[in-house]
């Protein structure tokens, strides 16, 4: 079985970080978002992953080739960003008679994914949410199969949100649906949506069930990224204790980071190469090779190679920036 992961989005809601860093490589709970996704796929025995790349795609490719050299990978450029359906469409050559798993590169899913990919029919991952209007939504028939998928509806037909995980029993059926979607220029709000392609499959007779997902993290904003960091850290092992620092669990400190004279945690993730000195940090993410000196940080994101000095309380500073407050 193969997996297709679209990672071509611009990540506008995570700026300034995504001016220089792909959203999928943002650090959360000890590793990039993409690593959480791919590591989960490896536990399922998936040996081929197709990445649909766009903005800063060379960084995604470089990371995957360095950290997953044994994995069979392909990188397909999306070119013009025309929606998540178009992102899968450009990888349509990999949709054949075999099953395919589709996961979006800004979404971390925790649950029985083995149950998802062992299904005898196509399945859509769903979760009940209070307000699904900014998400895809499913409407079920009386037998519990998907009757309708609607992308970001103003009036949702249900509270079952589509969470960006799809098991397609026969990839060629989705390929045909996406080709029709593009050929007939069926756009919604100017884009081609995967939900519309799946709807064409359903209208053509495909029975598509739903797969409830217990834990799901849409890491598309700074607030959502910090929430995912908190929840994922809660499930991890106790932290690595560091000489010269007090570490309050749950927290993660890379073995390749330097922390001295500081109080870290709870809910802090510090990536490789970072240096934290004489600081107090809680509920924050410190990305790779960042420097924090003499700072009190809470509910903050510090980008790669950024330098923070002084005592700000809450910041969101991008890559290679320098912030000094006295």
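A Förster distance of 41 Å, applied to the separation of the beta-carbon atoms of residue 296 and residue 236, puts the FRET efficiency at 0.95.
How big is the antiparallel share of DSSP beta bridges in the chain, given as a percent to the nearest 5?
Of those bridges, close to 30 percent are antiparallel.
From least to most packed, judged by other beta carbons within 10 angstrom and beginning with the fewest, 254, 158, 284 follow the order 158, 254, 284. Relative to its Kirkwood radius, the Cα radius of gyration of segment 1-72 gives an Rg/Rh of 0.96.
What the Cα atoms of segment 108-196 give is an Rg and a Dmax of 13.7, 37 Å.
Here segment 142-239 was treated as a single set of alpha-carbon atoms; its pair distances binned every 10 Å from 0 give 12, 36, 31, 16, 5, 0 percent. Our compactness index for segment 59-151, the C-alpha radius of gyration over the empirical 2.2 N^0.38 Å, is 1.30. Over every Cα atom in segment 49-92, the radius of gyration and the widest Cα-Cα span, Dmax, amount to 10.8, 32 Å.
The equivalent ellipsoid that matches the C-alpha gyration tensor of the chain spans semi-axes of 38, 19, 18 angstrom, in descending order.
Bear in mind that the values in this text are calculations on the coordinates, not laboratory data. The structure presented is a predicted model; accordingly, all values stated were derived computationally and were not measured. We place every Cβ from the backbone using ideal geometry, glycine too, and count neighbours over all the protein chains shown.
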